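Please read the structure below before turning to the comments.
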Amino acid sequence: GVSAARNTALKNVSGEYILFVDPDDWIETNMFEAIDNAIKTSNNPDAIVFGYNNCNPDGSIEDHDYEEDSTLKITAHNINYIVGCLWNKAFKTSKVKEFEIDFPVGLIIEDAEFCFKFFSQINECYITKGIYYNYRRGRLGSYTTEDFAEILKQFLGYIDKSNVTIIDLSAIPFEVLS
């Protein structure tokens, strides 16, 4: 499955950063240039988070971009904001290996668990303005589309065993460092 394939990639990666692209999604041609610029601008951050498009089955697109390039200090109040998906992030390979993080085999929401383990061990990440990832939503045959009830069940089980508190982030201002 996808977790085993990603774990093989983690064992064999040699680059400074690693990112994961779902097979039915696509990236913008300038994504790697933007990541390289973010690395140089922010002095080799532990992670880089970038904007993305949700591409809906009806052809509509919802863009999710950040207002500006910035450093985000990770706190208990905003970690939930960052960990949701894997595909709009570049992770520093040395940190992934240092923290010995891998993907849980057999878990549908492996993205969230990987991200939570990673972001709970670093102090800040770099947010870069720009949309560089296109996420195809609601594709027929996609596991997340076909079995949402199972995904929700596994997610709630993960939250329960991890003692993670889900909080309402809408009223919490995020700390942004310049």
Notebook entry, point to check: How far is it, in nm, from the label point at Trp87 to the one at Glu33 when both lie 7 Å from their Cα along the line to the Cβ?
Noted result: 2.3
Notebook entry, point to check: For the stretch 83-136, what class follows from the C-alpha gyration tensor (a ≥ b ≥ c being the square roots of its eigenvalues): rounded when a/c is under 1.5, otherwise prolate if a/b is larger than b/c, else oblate?
Noted result: oblate
Next item on the list: Work out the length of the dipole vector of the stretch 1-81 about its Cα centre, built from +1 on the beta-carbon of each Lys and Arg and -1 on the beta-carbon of each Asp and Glu, and round it to the nearest 20 debye.
Entry: 600
Next item on the list: Just subtract the alpha-carbon distance of Asn12 and Glu98 from 0.36 nm times their residue separation and send over the number in nm, one decimal.
Entry: 29.5 nm
Notebook entry, point to check: Taking square-rooted eigenvalues a ≥ b ≥ c of the alpha carbon gyration tensor, is the stretch 12-113 rounded, prolate or oblate, where a/c under 1.5 means rounded and, failing that, a/b exceeding b/c means prolate?
Noted result: rounded
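A short reminder: the numbers here are calculations on the coordinates, not readings from a lab. Quick caveat: nothing in here was measured; it's all calculated off a predicted structure. Note: ideal-geometry Cβ built from the backbone for every residue, glycine included; neighbour counts use all protein chains shown.
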